[in-house]
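The numbers here are math on the coordinates, done by the rules we state, and not lab data. Remember, it's a predicted structure, so these values are computed and weren't measured experimentally. As a convention, Cβ positions derive from the backbone with ideal geometry for all residues, glycine included, and neighbour counts pool all protein chains shown.
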Amino acid sequence: MQYRSTRGQAKNYSFEEAVMTGLGPDGGLFIPQEIPTLPSNWRQAWSQYSFQQLAVEILSLYIDDSEIPRADLTNLVDRSYATFRAEDVTPLFKVRDGLYVMELFHGPTFAFKDVALQFVGNLFEYFLERKNRNETSGKTHRLTVVGATSGDTGSAAIYGLRGKKNVSVFILHPDGRVSPIQEAQMTTVLDKNVHNLSVKGTFDDCQDIVKNLFGNKEFNTRHHLGAVNSINWARILAQTVYYFQAYFSLLRSLNIDPASAEADKINFDFSVPTGNFGDVLAGYYAYRMGLPTNKLLIATNENDILYRFFASQAYEKQTGEDGGVKSTLSPAMDILVSSNFERLLWYLARESESDEGKTESEELCDKAGQTVARWMQELKDQGVFRVADKAVLKAREIFDAARVTDAETSAGIRDFYQPKNANQTPYVLDPHTAVGVVAAEKLIERNNLKTYPAGPDILICLATAHPAKFSEAVENSLKNVAGFNFEKDVLPTEFIGLLEKERRVSHVERADPQLVIQVIEKELREEGISF
């Protein structure tokens, strides 16, 4: 399996090269040259597999045995998920008939990004150790990981990379725009190789700086940058696993054979709280591989560029204060531009230009890269680009979208903790998961869906964070609910006293790549790294 850039100028990269490089030299994102199909007997063969066993099978479809032998891959997977509190890694919870929540927050930092970043951290270490072991010149290969976070990526990356040999990690977060718990999780990690930068600006400013650093050839060459944001292909790949886990867990809970006609009658819909588009994109790859999927619902908050795209065919930045980014109850989704949407756009561009059945030609792949590069330039120059009807119609075959306001988010938290009927189990939602659940209810109402067992539709909402990470939003939503006690009902013991711990963070007074470079190089020297 080889990888190429979405912008057409980089091809034939190995998995290791794609992962360690992070961003293509042309500014594009790496995608597989082709999407593999599942083995013919996958439903029967995998039906009783653990999360770890599923991960090995799925990852091995994208990673050649010559790059990572199966025994090594199994070891990497086992090490990555040994840190999770739930035996199933991503357990499924039934809220009511036809509506489930898949809890992705049982990793070290209580957020879905642990699923990918525990694996990515071990991958970085694995590739560096092998490279240094085979180096005959005496040179030591190092990696300087640089990432931007709206809250959860930062702590998950830090916990995945803390103490890793020959890796330094720098995480940029927007000053005052992450939750207190999220900030504490990042800045209280005092390992020598961990560096936090609080940048005066928005998440999009931080993300733009990271992309600028990767595009700075001199800086990149000097420090060998590695990516932990979902621009890194390994992030997306690792996240595809829990879509398969959801499918098998659900069928097991209903005592339905995956290979039966009864299973075929079910419409599997996934509602995904969406900011940077990586989580729902993983579902798209699972669908393209062959996972039975009816709809992937893009659930946005009031930063709704993706919702507006499906309504208007225009991918257009909002305008206003802070460049148009609105501050909401679900801050990890307060994103102006969804970076991973570029990966989907590549497939839409290729398929909209092709005759049926001829999408794999190299000519069409190159043309798709040129189209995506043009769209990205238009977005940069004009703040908007538009795509053809055919491309949007193709996307609508699998995607739908819904927008959820803060008022609806807060009401969703309250309504699901205080069920309206006996068929519903009380559940505490974090505000991001609430966006996904409220969006799912909108989809049910809008499309007049008949949910299981009365009808064929089952909706699985991805729970992206533990509610304790967003205590203010949860407590304000439930403050008038009799009997609710945040410390008793929500707060994990791991969070007690976290806000009072010693911290280490550097403040960057404005969103300027050169200022960030100065801070990074100063702290690398203090870490004892010469360059």
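Remarks
- Compactness index (Cα Rg / 2.2 N^0.38 Å), the stretch 228-387: 1.17
- Legend: calculated FRET efficiency, A259 to N423, from the Cβ-Cβ distance at R0 = 22 Å, rounded to 0.05, equals 0.15.
- Proximal lysines to K488, defined as alpha-carbon separation beneath 20 angstrom and excluding residues fewer than eight positions away on the same chain: K469, K479
- Each stretch of four or more DSSP H residues adds -39500 (n - 2.57); spread over every residue of the chain, this sum gives -13000 deg cm²/dmol at 222 nm.
- Of the two radii for the stretch 151-224, the radius of gyration is 0.98 times the Kirkwood radius, both from the alpha carbons; that is the Rg over Rh value.
- Separation in nanometres of the label points that stand 7 Å from Cα toward Cβ, at L515 and K192: 3.0 nm
- Ranked by the mean number of other Cβ atoms within 10 Å of their residues, highest first, the peptides 407-420, 152-165, 186-199, 126-139 fall in the order 152-165, 186-199, 407-420, 126-139.
- Integer Hz, Karplus 6.51/-1.76/1.60 couplings in order for the stretch 381-398, x for Gly and Pro: 7, 10, x, 6, 9, 10, 10, 5, 3, 4, 5, 5, 4, 5, 5, 5, 4, 10
- Per-selection Kirkwood Rh - the stretch 91-145 (Cα, Å, 1 d.p.): 14.2 Å
- Shown here for the stretch 260-316: trypsin sites (Lys or Arg not before Pro) in loop regions (DSSP other than H, G, I, E, B) with at most 11 other Cβ atoms within 10 Å, namely K265.
- A simple spin-label model places pseudo-atoms 7 Å from Cα toward Cβ; at R130 and K94 they are separated by 4.3 nm.
- DSSP-defined beta bridges in the stretch 280-437 - what % are antiparallel, rounded to 5: 40 percent
- Three principal axis extents of the stretch 43-135 based on alpha-carbon atoms, in descending order, are 57, 34, 18 Å.
- The label-point distance for E487 and K11, in a model that sets each label 7 Å from Cα toward Cβ, rounds to 6.3 nm.
- For the stretch 410-430 versus the stretch 131-147, the inter-centroid distance based on Cα atoms is 51 Å.
- Ordered from longest to shortest, the equivalent ellipsoid semi-axes for the stretch 409-531 are 42, 21, 13 Å, each the square root of 5 times a Cα gyration tensor eigenvalue.
- Förster radius 45 Å - calculated FRET efficiency between N447 and Q48, Cβ distance, rounded to 0.05: 0.85
- Calculation over all alpha carbon pairs of the stretch 76-226 in 5 angstrom steps from 0 returns a P(r) of 2, 9, 16, 18, 19, 14, 10, 6, 3, 1, 1, 0, 0 percent.
- Note on the stretch 262-298 and the stretch 148-221: Cα centroid distance 29 Å, given to the nearest whole angstrom.
- Hull shadow area, averaged, the stretch 193-277 [alpha-carbon convex hull, nm²]: 8.9 nm²
- Beta bridges from DSSP with both residues in the chain: antiparallel share about 25 percent, rounded to the nearest 5.
- Rounded to the nearest 0.05, the FRET efficiency derived from the C-beta distance between I398 and E316 at R0 = 30 Å is 0.85.
- Over every Cα atom in the chain, the radius of gyration and the widest Cα-Cα span, Dmax, amount to 22.1, 70 Å.
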